[in-house]
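To start, the structure itself, in structure tokens.
The values are calculated or read from the model by the stated rules, or taken from the named source; none is laboratory data. A quick note: this is a predicted structure, and the numbers were derived from the prediction, not measured. So basically every Cβ, Gly included, is an ideal-geometry build from the backbone, and we count neighbours across all protein chains shown. Just the protein is used for accessible areas: all its heavy atoms, side chains included, with ligands, DNA and RNA removed. Shrake-Rupley method; radii C 1.70, N 1.55, O 1.52, S 1.80 Å.
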Amino acid sequence: MSNSASARHQAPDDLDALVIGAGPSGVVAARVMAESGYRVRVLEQGDWPNVADYPSTKLERELIQAGPWNPNPNVRRGPSDYPVNDSDSDIHTFMFNGVGGSTVMFGAEWPRMIPSDFRVKSLDGVAGDWPLTYEDLQPYYEMIDEMLGVSGLGGNTAYPPGAAPPQPALPIGRIGRIAARGMNKLGYQWWPGTHAILSQADGSRPACSRWATCVAGCPEGAKSSFDVSMWPAALAAGVQLTTGARVREITVSQQGLATGATWIDRDGAEHHTSAPLVVVCANGVGTPRLLQLSTSSRFPDGLANSSGYVGHNLMMHPTATVLGCYEDDLQSWLGPIGQPIWSMQFAETDTTRGFRRGSKWTIAGIPGPAELIQRIYSLPLSERSGMTGQEFAERFTGRAFEWVAQIEDLPEFDNTVTLDPDLVDSDGIPAPKLRYKMSEESARALDWHIDRLTEVHLESGAVFTHRVDYMPEVGWHLLGTARCGDDPATSVVNGYGQSHDVPNLYIFDGSVFATSSAVNPTSTIAAFALRGAEHLVENAAEQRIPL
Amino acid sequence: MTTPLTTSPFTDQERSGADRLADLWFPGTARSPRMTELPDYVPLLGRGLAANDELASAFREIAVLASQAPEVTVETVATWPQDVVEGAFMLLLCTYYMSRDVRTAIGYPGQDRVPVANADPDQLVTDELLAPVIARGATYVPTPGRDR
Ligand SMILES: Cc1cc2nc3c(=O)[nH]c(=O)nc-3n(C[C@H](O)[C@H](O)[C@H](O)COP(=O)(O)OP(=O)(O)OC[C@H]3O[C@@H](n4cnc5c(N)ncnc54)[C@H](O)[C@@H]3O)c2cc1C
């Protein structure tokens, strides 16, 4: 890629900061900067989501979700999407490209990382420590919870003390009660779910109506998809948003400072936007792709990559589930779909189990009979169809739920995002290629957890259980490919998301994760972005910018 | 994309294969209706086909094979390309449970608005249920160098 020397001759765009990506990290950063008086523009390759397109309330929901509304961009293939070569990856990526980013499709499970997650090297002698602690992030977690209206119950025994979520917890449902009883019999920790979903109306946004179709797009606006929960405030603060703007390259000056970005509109026309600060929020696959696309004589191996860590250490959370079927009517089609109750009983390291670090457990309902039958996909077709299949659905629809184990994935240098030599997106820009092999240790952890989850179901009274050993189609957490750290030789950004190499370039999305934790990442991504953006604004006087 | 079709969305050959697959995979039980006997069988199938092009083409491919086979049994289907068979089954599965008659028969109300404010007591957490968890105390390992 050329280093756009011509960019320096273009008229400045009269901005203080340019943000790439309109997902949670992008909008949080843009909002904070705009509320501090910065003139901010966000470039987003996708569009505003349209509730009318959501399959959630449609009769053919599952079929639409399996195609045009699939979380895998390679299946969905919308105009906003870029292809991802995942032929060499044990897990396939999930993402939504549009205003709000992947939260448009997310389950809104809203756990925080635990203190030990930030100190894996010190405690377990593996991976790395983060350049910040749980305590550093805690006030930002709490601020984000307030901004979104997070619901949950205070006092979770898996966490240090702190403010309770601002809204009461959602109902745990009959599935939550039966699962909790099993957990109590075994003496395990569990807690009612924390969700980025309103349990009480807030302004124009209503409370949750338990559709259980969160991942198909919330039809109510109760889920904190960031297009509805954060973008209105960002726009009110003056953030300029350009949709249909696919960034091809971050441009740099001869002094090695970022000068802006070159992007392509939907008609294929190329534009350049100049700004003295560039913030990349394109997720754990989009960000390394963009940095690798932005080569120059000064940065021949990709922007901000003197460490050689850009694109390495991809972490994706291997996941396994155990379906449990019960005789009781559990109304398991009721939402919220993710974590009505959840457990951090096995999140911390205990090496007697045969692996380090742990897993987060959650229960999840099964919205309907077709989804129930899909859960037993690994059985022969003859056992899922005919009278056998129909009788299974008759007996267990509304009477089944899953226990889900999400494994902490330790960073492996050879798990990578690189540029594919052949595959390109609709604008001819090289697509990312993934190489991701689940480690032996993660595989052992999955087996161990599946056995435990089966025991919990049986303890709760399940009359039939079925394990789904590992699921290739759940790469929804894209982490680690531009890790944060104190040492520029082994990390890409510092604890505030500032590039070690390019001081006016920031990264706030999940690529900064030094380790993956076992929990869903978005509350940490948002809190990190908030802290980083606040730090950036407060230290404006020291900020180096291109002249 | 979701407009119900009133006319058959099939060629005659595809329709005869579709009927045979529907009878094999959803033959009906003492409680649930047979798929081909659903009053809205054809419009529902049209709706299912319109919702997902890839699964629709898998379904059409298997329907043609089904129309040509002397008999359609579990054993016959097992000799056809399994990926495509799975696609066809997925389409018919989702379509079958779109039927109101089927949902009523199995007691599934379908996804709908059920406000949290109306939650029944047996859907809520209780102090009693949480008491043992609280009694066991904190489970987290504190950040090294900091007190719990
Ligand atoms: C189905 C699903 C379920 C999930 N469930 C949960 C959950 O329950 N809890 C949880 O914590 N997390 C969940 N996640 C993950 C969560 O959505 C992500 O962690 C979060 O959205 C990441 O935020 P981000 O800002 O880093 O990136 P994203 O949300 O991915 O946003 C990045 C944005 O950048 C844009 N972009 C990328 N490249 C370019 C470019 N070159 N030019 C212009 N724009 C670009 C993209 O279009 C996108 O809009 C789920 C995700 C999925 C897909």
Subject >> Filter pass, A:Gly78 being open to solvent by less than 30 Å² (accessible area, probe 1.4 Å), of a type outside the set (Val, Ile, Thr), within 11 Å of the ligand (Cβ to nearest atom) and within 23 Å of A:Thr522 (Cα to Cα) >> reply: no
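Enumerate the helices (runs of 4 or more DSSP H) found wholly within segment A:379-466, keeping only those where 1 or more residues are in contact with a Cys (Cβ under 9 Å, 6 or more places away or on another chain), within 14 Å of chain B (Cβ to nearest Cβ) and farther than 24 Å from A:Thr349 by Cα.
On the way: elements: A:381-384, A:386-396, A:440-460.
Helices (runs of 4 or more DSSP H) meeting the threshold: A:386-396.
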Original post:
Of the numbered conditions (1) in contact with a Gly (Cβ under 7 Å, 6 or more places away or on another chain); (2) more than 10 Å from the ligand (Cβ to nearest atom), A:Ser297 satisfies every one except a single condition; which is it?
Top reply: (1)
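On the basis of being farther than 16 Å from A:Gly284 by Cα, more than 16 Å from the ligand (Cβ to nearest atom) and of a type in the set (A, V, I, L, M), does A:Ala462 make the cut? Explain how you work it out, then say what you get.
Values: farther than 16 Å from A:Gly284 by Cα: yes; more than 16 Å from the ligand (Cβ to nearest atom): yes; of a type in the set (A, V, I, L, M): yes.
When the stated conditions are applied, A:Ala462 passes them.
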Original post:
Of all residues in segment B:101-119, how many are more than 7 Å from chain A (Cβ to nearest Cβ) and farther than 16 Å from A:Gly398 by Cα?
Top reply: 2
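Being at pLDDT 95 or above, surrounded by 23 or more Cβ atoms within 10 Å (Cβ to Cβ) and hydroxyl-bearing (Ser, Thr, Tyr) is true for just one of A:Ser499, A:Ser426. Which residue is that? Don't jump to the end; show me each part of the working.
On the way: A:Ser426 fails: surrounded by 23 or more Cβ atoms within 10 Å (Cβ to Cβ).
Just one listed residue meets the conditions, A:Ser499.
So which residues in segment A:324-348 are more than 24 Å from the chain's Cα centre (by Cα), more than 9 Å from chain B (Cβ to nearest Cβ) and buried (at least 23 other Cβ atoms within 10 Å of the Cβ), if there are any at all? Reasoning before the result, please.
In the first step, residues of segment A:324-348 are kept if they are more than 24 Å from the chain's Cα centre (by Cα); the result is A:324-333.
If we keep only those that are more than 9 Å from chain B (Cβ to nearest Cβ) too, we end up with A:324-328, A:330, A:332.
Residues satisfying the conditions are A:Gly324, A:Cys325, A:Leu330, A:Ser332.
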**OP:** Return the pairs, sorted by first residue and then second, in which the second residue is within 12 Å of the ligand (Cβ to nearest atom), the first residue lies in segment A:264-284 and is of a type in the set (Lys, Arg), the beta carbons are less than 6 Å apart, and the residues are 6+ apart or on different chains.
**Re:** A:Arg266/A:Gly244
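Looking for whichever is farther than 26 Å from B:Val116 by Cα, within 12 Å of the ligand (Cβ to nearest atom) and touching a Gly at 6+ places or on another chain (Cβ under 8 Å) here; the options are A:Ile264, A:Ile250. Which one fits?
On the way: A:Ile264 fails: touching a Gly at 6+ places or on another chain (Cβ under 8 Å).
From the options A:Ile264, A:Ile250, the qualifying one is A:Ile250.
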**OP:** Could you tell me which of the residues A:Ser151, A:Ser116, A:Ser122, A:Ser102 is buried (at least 19 other Cβ atoms within 10 Å of the Cβ) and away from the ligand (no atom under 16 Å from the Cβ)?
**Re:** A:Ser116
Subject >> Residue that is surrounded by the most Cβ atoms within 10 Å (Cβ to Cβ), among those in segment A:194-214 that are of a type in the set (S, T, N, Q) and more than 7 Å from chain B (Cβ to nearest Cβ) >> reply: A:Thr194
**OP:** Note down all Cβ pairs under 9 Å where the first residue falls in segment A:511-529 and is within 14 Å of another protein chain (Cβ to nearest Cβ) and farther than 17 Å from A:Gly101 by Cα, the second is near the ligand (Cβ under 10 Å from one of its atoms) and in a helix (DSSP H, G or I), and they're at least six residues apart or on different chains.
**Re:** A:Ser517/A:Thr524
**OP:** Report, by residue number, each residue of segment A:215-242 that is away from the ligand (no atom under 12 Å from the Cβ) and within 11 Å of chain B (Cβ to nearest Cβ).
**Re:** A:Pro219, A:Glu220, A:Ala222
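With the condition kept exactly as written, say whether any residue in segment B:125-133 is touching a residue at least 24 places away in the same chain (Cβ under 8 Å) and within 8 Å of chain A (Cβ to nearest Cβ). Please lay out each step first, then the result.
Filtering segment B:125-133 for residues touching a residue at least 24 places away in the same chain (Cβ under 8 Å) gives none.
Within segment B:125-133 (the criterion being touching a residue at least 24 places away in the same chain (Cβ under 8 Å) and within 8 Å of chain A (Cβ to nearest Cβ)), the answer is no, since none of the residues qualifies.
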Subject >> Those strands (runs of 3 or more DSSP E) lying entirely in segment A:166-276 with at least 3 residues farther than 22 Å from A:Pro79 by Cβ >> reply: A:246-252, A:258-264
Original post:
Out of all the residues in segment A:499-547, which are away from the ligand (no atom under 16 Å from the Cβ) and within 18 Å of A:Val252 (Cβ to Cβ)?
Top reply: A:Ser499, A:His500, A:Asp501, A:Val502, A:Pro503, A:Asn504, A:Gln543, A:Arg544, A:Ile545, A:Pro546, A:Leu547
Original post:
From the set of residues in segment A:530-546 that are outside any helix (DSSP H, G or I) and either in contact with a His (Cβ under 8 Å, 6 or more places away or on another chain) or touching a residue at least 60 places away in the same chain (Cβ under 8 Å) (or both), which is most open to solvent (accessible area, probe 1.4 Å)?
Top reply: A:Arg544
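Let's see how each residue does on (1) crowded, with 18+ Cβ neighbours inside 10 Å; (2) at pLDDT 95 or above; (3) touching a Pro at 6+ places or on another chain (Cβ under 6 Å):
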site: A:Trp190; (1), (2), (3): yes, yes, no
site: A:Gly217; (1), (2), (3): yes, yes, no
site: A:Phe226; (1), (2), (3): yes, yes, yes
site: A:Ala233; (1), (2), (3): no, yes, no
site: A:Ala236; (1), (2), (3): no, yes, no
site: A:Gly244; (1), (2), (3): no, yes, no
site: A:Ile250; (1), (2), (3): yes, yes, no
**OP:** Can you confirm whether segment A:182-193 contains a residue that is within 12 Å of chain B (Cβ to nearest Cβ), in contact with an Asp or Glu (Cβ under 9 Å, 6 or more places away or on another chain), within 16 Å of the ligand (Cβ to nearest atom) and of a type in the set (Gly, Ala, Ser)?
**Re:** yes
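What's the total number of residues in segment A:507-529 that are open to solvent by 10 Å² or more (accessible area, probe 1.4 Å) and either of a type outside the set (S, T, N, Q) or in a strand (DSSP E or B) (or both)?
Just the residues of segment A:507-529 that are open to solvent by 10 Å² or more (accessible area, probe 1.4 Å), to begin with: A:520, A:522, A:525.
Subset that is either of a type outside the set (S, T, N, Q) or in a strand (DSSP E or B) (or both): A:525.
Total meeting the criteria: 1.
A quick yes/no check of all residues on (1) free of Cβ contacts under 8 Å to residues at least 60 places away in the same chain; (2) more than 25 Å from A:Tyr82 (Cβ to Cβ); (3) aliphatic (A, V, I, L, M):
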site	(1), (2), (3)
A:Ala207	yes, yes, yes
A:Phe226	no, no, no
A:Val239	no, no, yes
A:Val252	no, no, yes
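Condition test on A:Trp48, is it surrounded by fewer than 20 Cβ atoms within 10 Å (Cβ to Cβ), of a type outside the set (D, E, K, R) and under 19 Å from the mean Cα position of the chain (by Cα)? Give the derivation first.
On the way: surrounded by fewer than 20 Cβ atoms within 10 Å (Cβ to Cβ): yes; of a type outside the set (D, E, K, R): yes; under 19 Å from the mean Cα position of the chain (by Cα): yes.
So A:Trp48 passes the test.
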